[in-house]
Structure formats: C-alpha cells, structure tokens
Amino acid sequence: MSNTHAFATLPLSPAFLRNLENMGYQAMTDIQAQSLPPILAGRDLIAQAKTGSGKTAAFGIGILHKLNPSYFAIQGLVLCPTRELADQVADSIRKLARFTSNIKVLTLCGGSPMAPQIASLEHGAHIVVGTPGRMLDHVGRGSVNLSSVQTLVLDEADRMVDMGFYDEITAVVRACPSRRQTLMFSATYPDNIRKASSMFLRDPVEVKVEAIH
Ligand code: ADP
Ligand code: MG
C-alpha cells in the first residue's frame, strides 16, 4: 500500500476515516486516489475507469463530505442506468454514511409503483439514487424538489446514453441548480459522452484509469 493511496491523506473527519477502515477499505483504489482530491476540492470531474475499480465510493465519499445531515433536503442526486445498479449504489452509500447518523438515502426507479415513492419523498431524503426516466417522471409531477442538490452524479453515463436516456438526463439536470458539482463516471469515453460532459460539466478535471487497481 503506497502512502499516496492512504485515505488519511484526504480532508475527511476521523469518524469518516474510521468507518472506511471498518468497511475494510485499507487504501484508495487508483480511480479513488486520482479523483477524490479534485472531488473534495469541489471540482467537476469526468472519470473513466473499468467496472470494479471503486467508482461508487469515489462519488459516495464526495457526496457525503459536503452533505449537511441536519438540513433535510435532497443534497445529492445519483442517476444510474438500471434499478439493480441504483439499489447497489444506494446500499454502498448507506454503508459509507455509517460514520454519522440520520442520513437518508432513497431510490427512485421505474418498475415500482409511484404512490409509495411519492409518500417517501414527502418524508424527505438527503440523497436520491434513481433511473433517468422515473426521476423525470417525478420532476414533471413536482413530487421531487431538486433545488437543494449540490452534488449531481451521472454513473455509468455511457450505458445511460446507450439506453437512450440522453433527453431524460438533460431534463433532470435542468431541474438541478446550475450552481452545483457534477461528477460523471463512464467505462468508455466515446463522442456522445464527450458531448454530454461538455453540456453538463463545468471545467471538469479528467481522470482515466486503465487497469483495475
Ligand atoms: P465500479 O463502480 O467502479 O464498478 P464499485 O464501486 O462497485 O466499482 O466497487 C467494486 C468493489 O470494490 C465493491 O465491492 C467495493 O466495496 C469495493 N471497494 C471499493 N473501494 C474500495 C477500497 N478502497 N478498498 C477495498 N475495497 C473497495
Ligand atoms: Mg459502478
């Protein structure tokens, strides 16, 4: 383990670091070591790295670092291509958030009935993880308020665009404040992703990791 990959080099609280240790995270993966310093400094970022490289913790730590638990509004929004991925991401963020109490993470995906989702939204959440179509549905109905989002994550952006979600993503992004941090994660970086990044991100840091750590 090299020192440059120690989580302790990051400006995280002792409780946050202790929880990472409890999770068995002894050192940052390469994508985390490259992306977390600019993420924690508040920069927009596009990161290209293969599956299994630890991208979820990179953006999860970024969202949680900035989040104010005593302000009960949606401060972090993650868009994922599928319900399965959204459930996994929400689960990971809940584990990362164990250093502090009372952080509520809600998933909003298609294929689930609307009424319970709307009821959950009325109860509130700090972080929402959802699929683009269902998120846009909530935006259109006014059942979700994205005006407090400070971190917006587009996870598996290439897959979301390949699945035809570009217009839904654009509409959901427009419902977020223009003053926000935007993080985009993708396994590949084709032209349409380059275009999406220029639409949604501001002066992004670009990070690329070839091999799995
Ligand atoms: P990706 O989104 O890049 O495909 P994930 O974020 O799902 O990858 O992470 C893959 C696995 O690696 C998960 O089981 C996760 O808990 C684990 N992991 C992530 N970061 C670390 C780390 N720093 N140390 C140990 N395991 C990690
Ligand atoms: Mg992932």
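The values are calculated or read from the model by the stated rules, or taken from the named source; none is laboratory data. Every value quoted in this text rests on a predicted model; they were computed, and no experiment measured them. Virtual Cβ from ideal backbone geometry, glycine too; neighbours counted across all protein chains shown.
Tabulated results
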read-out	value
Tally of residues being closer than 23 Å to Ala86 by Cα, more than 16 Å from ligand 1 (Cβ to nearest atom) and assigned to a strand (DSSP E or B) across region 154-213	2
Selected residue (only one of Leu96, Leu45, Leu108, Leu77 is touching a Cys at 6+ places or on another chain (Cβ under 8 Å) and surrounded by 14 or more Cβ atoms within 10 Å (Cβ to Cβ))	Leu77
Selection status of Val161, of a type outside the set (Ser, Thr, Tyr) and within 14 Å of the chain's Cα centre (by Cα)	no
Options Val105, Val89, Val78: the member that is in contact with a Lys or Arg (Cβ under 7 Å, 6 or more places away or on another chain), among the β-branched types (Val, Ile, Thr), under 23 Å from Arg174 (Cα atoms) and modelled with pLDDT of 95 or more	Val105
Residue within region 133-152 that is under 20 Å from Ser70 (Cβ atoms), more than 18 Å from the chain's Cα centre (by Cα) and not β-branched (Val, Ile, Thr) present	no
Filter result for the condition that a residue is touching a residue at least 60 places away in the same chain (Cβ under 8 Å), away from ligand 1 (no atom under 14 Å from the Cβ) and not charged (D, E, K, R), over Pro38, Pro81, Pro69	Pro38
Every residue from region 131-145 that is over 18 Å from Thr82 (Cβ atoms) and in a loop (DSSP other than H, G, I, E, B)	Gly142, Ser143, Val144, Asn145
Flag if Ala119 is closer than 29 Å to Pro69 by Cβ and surrounded by 18 or more Cβ atoms within 10 Å (Cβ to Cβ)	no
Residue tally, condition surrounded by fewer than 19 Cβ atoms within 10 Å (Cβ to Cβ) and over 20 Å from Ile74 (Cβ atoms), over region 148-173	6
Where Ala187 falls short, out of the listed (1) in contact (Cβ under 8 Å) with a residue 24 or more places away in the chain; (2) surrounded by fewer than 19 Cβ atoms within 10 Å (Cβ to Cβ); (3) within 21 Å of Phe72 (Cα to Cα)	(3)
Filtered residues of region 1-39 (kept if closer than 24 Å to Lys50 by Cα, exposed (fewer than 11 other Cβ atoms within 10 Å of the Cβ) and modelled with pLDDT of 95 or more)	Gly24
Qualifying position, being among the aliphatic types (A, V, I, L, M) and within 16 Å of ligand 2 (Cβ to nearest atom), among Met114, Met184	Met184
